[in-house]
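Worksheet: the structure to be examined is printed underneath.
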Amino acid sequence: MSTNLKDLLRTADLSKADIELLLDTAAKFAKNPLRSKKALAKKTVAIYMTKSSTRTRLASETAVAHLGGTPIFLRGDELQIGRGETISDTAKIISGFCSALIVRTFAQSDVDELGKYASVPVINALTDDDHPTQLLADWLTIRENFGKDIKNRKFVYVGDGNNVANAWLIMGATMGAHTVVATPAGKWAPKTAIVEHANKIAQKSGAKIEVLTDVRVAATGASVIYTDVWMSMGDSESDRAEKMSALKPFMVTPELMSLTATDCIFMHCLPAHRGEEVSAEVIDGPRSVVWRQAFHRRTTIQALLYHLTKGDLKGNV
Ligand code: CP
Ligand code: NVA
């Protein structure tokens, strides 16, 4: 084992080769969930969450079980960390009992600190800034629909410039894709640092990055239209009315979908709010791949646990 990637703390940690390996393995786990049923035998994986989750928790617990291990779910308010124990002490204790830590919380810096002090792999299962495991499921779903040749295809995210939008930009840049994010200007646009980072990756990968405010220009000719909730976990309720009104033109409707390529798919990480970011006709319609996308949360987290605990990923060094 060389100096390989220990943790998946952010989407940008993964190289294209790492992503290809993870997607190949996940595709195998999709066909046969129990093909590596002893990989984590007699081992435990901690899943620590301070935010709600349906898919990521189910996918993570199921993935660990399919690898022969035991998941231990830890709620933030039940740990001593909620009473002031330090992140570094918590990371050391978890490392003494578990073979990996999957964590969902608010601050990216908390996940970074867990990664620094844990001797076992730490996986970011969503922060305010990023959602790397989601993007693995998304790109496996994209690959199932379009294959590996993504030339002349446009991958478009519309809506709030949130954690998923950030991850969309970075993942698309790494994959060498024509990656578009369309959001309202200003407060709900992706941060400059993220766009600069995506452009830096794109210079090497050959990706084309576009950050737009015109949703119709973005959607025209798209192969994927992706959206996410307008109010993320942790967003300030005092912003709700202003945010809903700014985002209204970004709702994915049949009319917006009519501007896309004929084989365009609709994607959403879920949970969805029908009538806000997407109309029911689109998310429940024939172009929607959201259920397959959700299915791949398990296959990709399973692949990630499998390879990360074996030290197979090289990272972006
Ligand atoms: N997509 C996703 O992360 O869903 P959950 O919040 O339900 O885990
Ligand atoms: N942007 C959303 C994603 C949920 C999976 C949130 O952070 O709440």
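Values quoted throughout were computed directly from the atomic coordinates according to the rules given, and no laboratory measurement underlies them. Small disclaimer: the values here were computed from a predicted structure and weren't measured. Every residue, glycine as well, gets a Cβ built from its backbone with ideal geometry; the counts of neighbours run over all protein chains shown.
Could you tell me the calculated FRET efficiency between Glu196 and Lys116, based on Cβ-Cβ distance and R0 = 22 angstrom, to the nearest 0.05? Step by step, r from the Cβ atoms, then E = 0.35. In whole Å, what is the distance between the alpha-carbon centres of segment 191-221 and segment 265-317? Going from one Cα centre to the other spans 20 Å.
Can you tell me how segment 196-258 classifies by the Cα gyration tensor, rounded, prolate or oblate, using a/c under 1.5 as the rounded cut? Verdict is oblate for segment 196-258. From helices alone, the chain scores -12500 deg cm²/dmol at 222 nm; the rule is -39500 (n - 2.57) for each run of n ≥ 4 DSSP H residues, then divide by the residue total.
Amide H contacts for Leu212 (H built 1.01 Å from N in the peptide plane; partners 5 or more residues away or on another chain; cut-off under 5 Å): Val181, Ala182, Thr183. Annotation: amide H of Arg104 within the under-5 Å range of Tyr48, Met49, Thr50, Ala125, sequence separation 5 or more or interchain, hydrogens built in the peptide plane.
Each of Ala182, Val111, Ile93 was placed along the dipole of the chain (beta-carbon charges, centred on the mean Cα), and the one lying farthest toward the positive end is Ile93. For segment 109-210, what does the alpha-carbon gyration tensor say about shape, rounded, prolate or oblate, given a ≥ b ≥ c as the root eigenvalues, a/c under 1.5 as rounded, and a/b over b/c as prolate? Since a/c reaches 1.5 but b/c is at least a/b, the shape of segment 109-210 is classed as oblate. P(r) for segment 240-305, from all Cα pairs and a bin width of 5 Å, is 4, 15, 22, 20, 16, 11, 8, 3, 0 %, short bins first.
Between Val278 and Val252, His273, the built amide H atoms are under 5 Å apart, and every one of these is 5 or more places off in sequence or on another chain.
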